[in-house]
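For reference, the structure discussed in these notes is given below.
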Amino acid sequence: MLAAASTAVGDVDQAIAFSRQALEQKDPPFILLVRSWPDYGSIRTDPRFVEIVEEHLHLPGGPSPFQNRWHEPSEALVDGLT
């Protein structure tokens, strides 16, 4: 949660450092919330954040799911409703 606190006060560099540390320590709350917690929204598009999250979570290539889109409905959901 230190990454979220650093993000909230605008210290992006420290938020990135705390994110790396949380992932290296396999911190369950961070891993569970990294994709959806609004507090991480401002750093989700930072290339350093995307790189370390993809590296530690071993995500396949392609568009990053860590972009700041937590509040937008997915295209699949929208298409299914029309």
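The values are calculated or read from the model by the stated rules, or taken from the named source; none is laboratory data. Only a predicted model underlies this, so the values are computations on that prediction, with no experimental measurement involved. All Cβ positions, glycine included, derive from the backbone under ideal geometry; neighbour counts span all protein chains shown.
Scanning the stretch 32-52 for residues that are out of contact with any helix residue (DSSP H, G or I) (no Cβ under 7 Å at 6 or more places or on another chain), within 14 Å of Ala4 (Cβ to Cβ) and hydrophobic (A, V, I, L, M, F, W, C) gives Leu32, Leu33.
Taking the criterion of being part of a loop (DSSP other than H, G, I, E, B) and either in contact (Cβ under 8 Å) with a residue 24 or more places away in the chain or more than 16 Å from Leu57 (Cα to Cα) (or both), the residues of the stretch 23-47 that qualify are Val34, Arg35, Ser36, Trp37, Gly41, Ser42, Ile43, Arg44, Thr45, Asp46. Within the stretch 10-22, being more than 16 Å from Pro47 (Cα to Cα) and part of a helix (DSSP H, G or I) holds for Gln21, Ala22. Has the stretch 58-65 got at least one residue that is aliphatic (A, V, I, L, M), more than 18 Å from Ile16 (Cβ to Cβ) and modelled with pLDDT under 80? There is no residue in the stretch 58-65 that is aliphatic (A, V, I, L, M), more than 18 Å from Ile16 (Cβ to Cβ) and modelled with pLDDT under 80. Only a single criterion out of (1) at pLDDT 55 or above; (2) within 9 Å of the chain's Cα centre (by Cα) is not satisfied by Phe18, namely (2).
For the stretch 23-44, a tally of residues being surrounded by 13 or more Cβ atoms within 10 Å (Cβ to Cβ) and more than 12 Å from the chain's Cα centre (by Cα) returns 1.
Could we say that Thr7 is among the β-branched types (Val, Ile, Thr) and in a helix (DSSP H, G or I) here? Yes, satisfied. Have a look at Glu72, Glu51 and point out the one that is surrounded by fewer than 16 Cβ atoms within 10 Å (Cβ to Cβ), over 9 Å from the mean Cα position of the chain (by Cα) and modelled with pLDDT of 85 or more. One residue alone meets the criteria, Glu51.
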